[in-house]
Amino acid sequence: MGLRGFLRHANRDEQSARDIEFYLDAETEDNIARGMPLEQARAAARRKLGNATLIREEVYRMNRIGFLETSWQDARYSLRTMRKSLAFSLTAVLTLAVGIAGNTAMFTVIRGVLLTPLAYRDPDRLVYFSVENPRRHLQDGSISLDQLKELRADAKSFSGLAAYGRAENVMFSGRGEPEALKGARVSANFLDILGVPPLLGRSFLPEEDQRGGRPVAMISSGLWQRRFGGDPQVAGQGATFDSTSYTVIGVLPPGFSFPFPDVDVWVTRPSEWSMLPSRYWGLPLLDGFGRLKPHVSLEQSQAEMSVLQHQYDVAHPSPLSPGLDATMQVTRMRDQLVSGVRPMLGTLFGAVGFVLLIACANVASLLMARATGRSREFAVRAAIGAGRGRLIRQLLAESLLLALAGGALGVLLAEWALLAIPHIAALNLPRSGEIRLDGLVLAFTVALSVVTGLLFGLLPSLDISRPDLASVLLEMGAGAGRSAARPGLFGVSARGLLVIGQVALSIVLLIGAALLMQSFARLHGVNPGFQSGNVLTAKIALPPARYNTDQKTAAFFGELLPRLEGLPGVRAAAMIMHLPTSANWIRTNISAIEGKPDPDPDDQSSHGVLQSVTPGYFRTLEIPLKRGREFTAHDNVPGAPPVVIINESLARRLWPDGENPIGRHIKEGYDHAAGWMEVVGIVADVHEGSLAFSGVQEFYVPCVVHPPQTAYLVMRTDGDPRRFANALRSQVQKVDRDEPVSDINTMDDVLAGTLGQRRLTMWLLGSFAGIALLLAVMGMYGVIAYSVAQRTQEVGIRRALGAQQADILRLVVSQGLGLALAGIAIGIGGAFALTRFIKSLLFAVSATDPATFAGIAVLFLVIALLASYFPARRAARIDPMAALRVG
């Protein structure tokens with residue numbers, strides 16, 4: 001390697017040691033051949049290498065300075081160009097800002113909800129376990145307190161196991177006005193498993209988790225600041241929750257929300273759920289979680305827990321057992337928390353990604369159109385020696401500046417969008433408090449902007465950087481005002497390919513949005529089984545310390561309901577354990593049927609949802625009575641003969657041969673206190689859980705049989721039910737002045753709340769699809785109009801040779817339809833592949849519904865026809881003589 005070869009690499013990285021040795025050896029041999037002694041030859045070679053290295057480093061330094069200087073010149077020139085074409089620049093920046101804002105906002109949400117590790121010690125070791133039996137359609141099943149105790153004793157894969165109960169209302173009193181708070185019942189060791197120390201005080205002790213243990217509570221930092229004035233000595237102070245004196249033992253850190261959002265009070269004994277009478281406290285209603293031991297995999301713990309589940313079911317047969325073929329599923333805690341929103345977030349993230357791609361294609365098309373007016377500029381620069389790489393770098397600099405400007409505006413738009421998330425109740429996002437713009441999100445936006453600039457800038461740069469010098473310079477000499485057009489008048493040009501891509505992506509979004517709209521319409525049209533109009537609902541949580549017997553609980557509702565029914569404008573009032581569409585089911589089984597063999601406890605046809613109601617409930621919600629009678633006041637007094645009303649689904653399961661169930665007797669399997677209950681009526685099915693669930697077997701008993709500690713009031717009114725909210729509170733306080741009322745809503749709002757997330761997903765995806773459609777139509781219109789403008793002379797020649805207006809019209813429209821058909825074909829193929837990912841969001845609609853696919857294709861063809869017609873009509877009206885004179 002000679003000096004020239006060595007310097008040839010001056011703008012590269014340092015030579016390897018092997019290259020240097022090779023150079024020294026070669027120079028030494030040359031010097032020896034010239035008659036130099038060995039040592040003198042090697043020294044001369046080293047001197048020459050040193051000089052070359054200095055030269056190379058200087059050249060390398062100058063190249064770096066030159067590159068930076070050239071880049072700065074490119075940036076300044078690009079800014080001047082953007083100012084000259086301000087309308088174009090603003091259009092491009094706004095178009096890109098919408099796409100970048102959507103992607104930034106969705107990435108922020110997904111990072112906070114799905115990707116950020118839980119704020120606990122070694123969060124990947126935290127797992128959630130639940131019972132599953134596909135044969136019985138059982139998923140995410142709960143466990144009982146007894147099973148939790150056996151798992152703690154037998155499971156070897158965990159350093160600790162715990163559980164929590166369902167959310168409940170807690171009445172806080174004694175420090176100002178009473179306040180209804182959200183409470184959680186947890187195992188005493190829950191903070192040890194999570195690895196979270198209290199902000200103040202201590203955690204629970206094992207003995208405080210035993211039935212009859214000392215009443216202690218931990219509170220949130222928000223409650224501590226709000227009602228205790230941030231007193232640092234709060235640990236050890238007394239507080240009254242549910243009319244029971246508790247000792248506050250600790251304050252949890254700010255932002256701590258386990259196991260539910262917005263919890264303010266944590267107490268022990270998770271099986272003692274206030275919605276149930278004490279005799280039901282053994283029901284499997286606990287959600288289990290634990291911490292894996294080091295070096296224990298998820299699969300190993302899954303295998304062990306499934307074996308323990310089978311052993312427990314064999315040793316403890318129960319009517320409520322999940323079955324001997326049930327398994328215990330073990331999942332990461334983080335995955336469990338977000339399982340309900342993952343499909344929605346994935347769908348929306350894909351949608352905003354498509355919108356950004358369409359926006360990139362639209363801006364690329366604008367750049368290529370603008371390049372027509374700059375063809376002379378690039379031809380001159382190429383003629384005086386500018387290489388193609390130099391031209392491409394200049395064009396990419398302009399694209400990157402546009403993209404970075406769009407990214408900066410997109411960050412502002414994304415921040416405004418994120419501010420609205422906490423106020424959108426329909427989202428119901430877990431970990432929503434962790435959604436925030438930070439350095440990583442900004443880095444994502446910068447990277448996204450750079451990639452976006454390359455996406456929409458590369459194709460125009462490659463196309464524009466190859467000017468036809470001869471044609472352009474001849475036109476300049478002739479004074480013509482247009483550049484030469486490339487061959488392919490109505491063929492698929494580079495801009496045409498961009499339009500095809502836009503159409504394809506838009507078709508995928510439109511089909512997805514149409515499927516969701518159709519699904520929502522069908523779900524919204526489902527008859528819930530009751531009339532929700534003019535009904536007010538409210539939640540009442542009776543404190544167990546004050547209402548510690550069934551008689552006291554039943555007496556409260558027995559005194560309150562006549563007061564409510566006596567209010568002017570109130571047509572009926574009643575109580576129910578759980579509102580329809582509520583997910584808090586209590587399932588039990590029918591253990592005996594008069595005149596029939598005892599049902600198999602494992603047979604799901606004998607299981608049903610238990611509801612405790614007061615007389616007048618079916619009349620209040622206008623649930624149709626199909627046979628028999630409703631409950632009367634005589635059924636709801638202590639000592640009355642036990643009666644039951646069943647729904648149609650349960651009647652069909654228990655008497656499949658069509659026998660009349662009225663007058664027959666059945667027994668409840670879990671609670672034997674009621675004994676034989678006479679079936680006095682059959683009512684229509686109502687949708688429990690949500691409108692998507694149907695055919696839930698259900699039976700109703702009078703309130704006196706199972707008086708709930710926490711229940712819901714329902715009132716049917718004349719006119720707007722919201723007007724009666726204050727009157728309801730007043731009547732409750734007249735019965736018990738310390739009893740708060742919470743969750744006051746209309747039944748219409750409750751019903752709409754079950755559709756909130758579906759409605760929001762449909763609205764957002766529909767909005768994205770609308771934006772995509774608009775951009776695609778603009779792109780198609782631009783391509784056709786550009787083609788007509790560029791070929792004015794050729795159209796004039798066709799007209800001069802005898803082509804009629806209809807011929808020109810048909811020729812131009814066929815170009816638009818050709819682009820649309822190509823895009824539709826690709827888009828439908830993509831939709832067939834991608835819509836299966838939104839299958840879980842659909843109701844009564846196939847993810848590949850042929851009518852939807854065909855309808856969207858026809859709709860887009862009509863829109864494409866309209867987008868092509870107006871440029872085609874303008875082309876058909878070209879005066880051939882005027883066009884030839886311009887040419």
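The stretch 393-407 to the stretch 246-261: how many Å between their Cα centroids?
Computed from Cα coordinates, the inter-centre distance equals 49 Å.
For the pair Q40 and D879, how long in nm is the line joining their label points, each one 7 Å along Cα→Cβ?
Placing both labels 7 Å beyond Cα along the Cβ direction yields 9.2 nm.
Please list, by residue number, every one of the trypsin sites (Lys or Arg not before Pro) in the stretch 707-741 that is coil in DSSP and has at most 13 other beta-carbon atoms within 10 Å. Intermediate results must be reported in sequence, preceding the final value.
Numbers: sites: R716, R722, R723, R729, K734, R737; in loops: R737.
Within the stretch 707-741, the qualifying trypsin sites (Lys or Arg not before Pro) (loop, at most 13 other Cβ atoms within 10 Å) are R737.
Which lysines, on any chain, are close to K182 with Cα under 19 Å apart, when same-chain ones fewer than 8 places away are left out?
Straight-line reach from K182, under 19 Å: K539.
Tell me, what ³J(HN,Hα) does each residue in the stretch 230-240 have, in order and in whole Hz, if you take phi through Karplus 6.51 cos²θ - 1.76 cosθ + 1.60 with θ = phi - 60° and put x for Gly and Pro?
x, 5, x, 9, 5, 4, x, 7, x, 8, 9
How large, in percent, is the carbon and sulfur part of the accessible surface of the stretch 658-815 at a probe radius of 1.4 Å?
Answer for the stretch 658-815 is 53 percent, counting heavy atoms of protein chains only.
Along its three principal axes, how long is the stretch 498-595 when you only count alpha carbons? Whole Å, largest extent first please.
Here the Cα extents, ordered largest to smallest, are 74, 47, 34 Å.
If you roll a 1.4 angstrom probe over the protein chains with everything in place, what fraction of the accessible area of the stretch 159-205 belongs to carbon and sulfur, to the nearest %?
It is 52 percent, rounded to a whole number.
When the Kirkwood hydrodynamic radius is evaluated over all pairs of different C-alpha atoms of the stretch 734-887, what value in angstrom, to one decimal, is obtained? It would help to have the intermediate numbers written out before the result.
Numbers: mean 1/r = 0.0507 Å⁻¹.
After inverting the pairwise mean of 1/r, the radius is 19.7 Å.
Leaving out ligands, DNA and RNA but keeping every protein chain, what accessible area does M881 have, in Å² rounded to the nearest 10, with a 1.4 Å probe?
Near enough 110 Å² of accessible area.
What is the Cα centroid distance between the stretch 820-849 and the stretch 110-162, reported in whole angstrom?
35 Å
Accessible surface of D192 in the full protein assembly, 1.4 angstrom probe, to the nearest 10 Å²?
100 Å²
Return an integer: the convex hull volume of the alpha-carbon atoms of the stretch 761-807, in Å³ per residue.
Working: hull volume 2.8 nm³, N = 47.
That works out to 61 Å³ per residue.
Can you tell me the accessible area per residue over the stretch 807-868, all protein chains present, probe 1.4 angstrom, in square angstrom? Intermediate values should be presented prior to the final figure.
Numbers: 2860 Å² over 62 residues.
That works out to 46 Å² for each residue.
Count neighbours as other Cβ atoms within 10 Å of each site's Cβ, and list the trypsin sites (Lys or Arg not before Pro) in the stretch 120-159 that are DSSP loop with at most 12 such neighbours. Please report the intermediate quantities before stating the final value.
On the way: sites: R121, R125, R135, R136, K149, R152, K156; in loops: R121, K156.
Of the trypsin sites (Lys or Arg not before Pro), the ones in loops of the stretch 120-159 whose Cβ has at most 12 other Cβ atoms within 10 Å are K156.
Provide the solvent-accessible area of I421, counting protein heavy atoms only and rolling a 1.4 Å probe, rounded to the nearest 10 Å².
The accessible area of I421 comes to roughly 30 Å².
Multiplying the sequence separation of D718 and K293 by 0.36 nm and subtracting their Cα-Cα distance, what value in nm do you get?
Numbers: separation 425, 0.36 × 425 = 153.00 nm, distance 6.07 nm.
Full extension from D718 to K293 adds 146.9 nm.
I'd like the carbon and sulfur percentage of the solvent accessible area for the stretch 492-548, probe radius 1.4 Å, heavy atoms only, ligands and nucleic acids excluded. Don't skip to the answer; put the middle values down first.
Working: 1040 of 1780 Å².
That fraction is 58 percent.
Kindly report the accessible area of the stretch 696-735 per residue (heavy atoms of protein chains, probe 1.4 Å, no ligands, DNA or RNA), in Å². Intermediate results must be reported in sequence, preceding the final value.
Details: 1250 Å² over 40 residues.
Normalised by residue count, the accessible surface of the stretch 696-735 is 31 Å².
The values are calculated or read from the model by the stated rules, or taken from the named source; none is laboratory data. Since the model is a prediction, treat every value here as computed from it, not as a measurement. Here Cβ is always computed from backbone atoms with ideal geometry, including for glycine, and neighbour counts include all displayed protein chains. When the accessible area is computed, the model is the full protein with side chains, heavy atoms only, and any ligands, DNA or RNA have been set aside. Shrake-Rupley method; radii C 1.70, N 1.55, O 1.52, S 1.80 Å.
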